[in-house]
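Quick note: the coordinates plus some simple rules give every number you see, no bench work behind them. What you see is a predicted model; the values in this text were computed from it and never measured. Here the Cβ positions follow ideal geometry from the backbone for every residue, glycine too, while neighbour counts run over all protein chains shown.
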Amino acid sequence: MPRHLALVLIMLSLLTAAGPSWAYGEGGSYGGTGLSNATTNKIARTLTRGAAACQRLDNVYRYDCYRQTYQQAAQQLNGMRAYAGAQAIINEVTQSLERTIARNADPAAPRVRKGLQTYRAIQPAALPRAKADFITALEKAETRLLRSPEDSRAHYARIAEAINTNKVLLRSALMLLPAPLRAAALFWRRDQADSAASISATSAITSACAGPLGASSAARPCPSVSA
């Protein structure tokens with residue numbers, strides 16, 4: 001066989017062996033975007049399995065468990081630029097849970113250990129608000145993931161689906177609360193919605209009756225509005 005032909009065949013065999021890694025990212029991602037089925041599935045599993053495991057803890061310890069679950073999922077995306085948006089959104093859920101724990105920590109309750117992890121307790125009276133705040137954070141995260149750019153939407157939507165599973169799990173757990181606590185949680189959510197609506201209405205009234213450049217118009221006196 002001519003030498004140059006042998007060299008061509010060797011090169012073709014090398015290209016054939018390396019080709020799939022050029023066209024596909026890890027786990028079947030196409031086009032070198034950095035998104036991969038393996039990574040997306042890993043994050044979804046971390047979120048769903050982690051939240052389900054948290055349900056086996058006493059309810060005052062669950063929010064630190066949720067925090068660690070979302071923190072772990074975010075850390076699994078370190079250095080992955082294609083998942084930077086998803087990581088930021090998951091981090092916001094983690095930060096919301098951190099605020100809940102800091103605001104409602106129960107210093108009298110001991111930490112509990114499950115496997116290699118330890119968890120802090122929040123005060124029992126804070127459970128309804130903690131649950132409502134967590135659900136709100138999950139809803140915001142889900143919405144933002146579903147509105148991600150088109151090139152990442154399919155993968156981000158699968159992460160959003162995992163977050164929605166956690167939200168459904170929380171709402172199911174809400175129905176298992178004693179009636180007074182369930183009513184308190186629902187009242188808290190309604191109160192938050194009413195407050196937001198009141199602020200929006202006040203802003204609308206002020207804008208409608210303001211004159212040019214925000215000055216009050218004598219022809220359209222502004223009514224007195226209290227928060």
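What the table below lists for this structure:
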read-out: Those residues of segment 75-108 whose amide nitrogen sits under 16 Å from the label point placed on Ala125, 7 Å along Cα→Cβ; value: 103-108
read-out: Square roots of 5 times each gyration tensor eigenvalue, C-alpha, segment 37-177, largest first, Å; value: 26, 15, 13
read-out: When the convex hull of its Cα atoms is projected in every direction, mean area for segment 106-177 (nm²); value: 6.5
read-out: Whole-Hz couplings from phi, Karplus 6.51/-1.76/1.60, listed for segment 164-171; x for Gly and Pro; value: 4, 4, 5, 5, 4, 4, 5, 5
read-out: Contact order relative to length of segment 56-147, as percent, for alpha carbon pairs under 8 angstrom and 6 or more apart; value: 35
read-out: Cut-off 10 Å between beta-carbons: net charge of the residues surrounding Arg111, Lys and Arg +1, Asp and Glu -1; value: +1
read-out: FRET efficiency estimate (nearest 0.05) - Cβ-Cβ, Leu146 to Gln95, R0 30 angstrom; value: 0.90
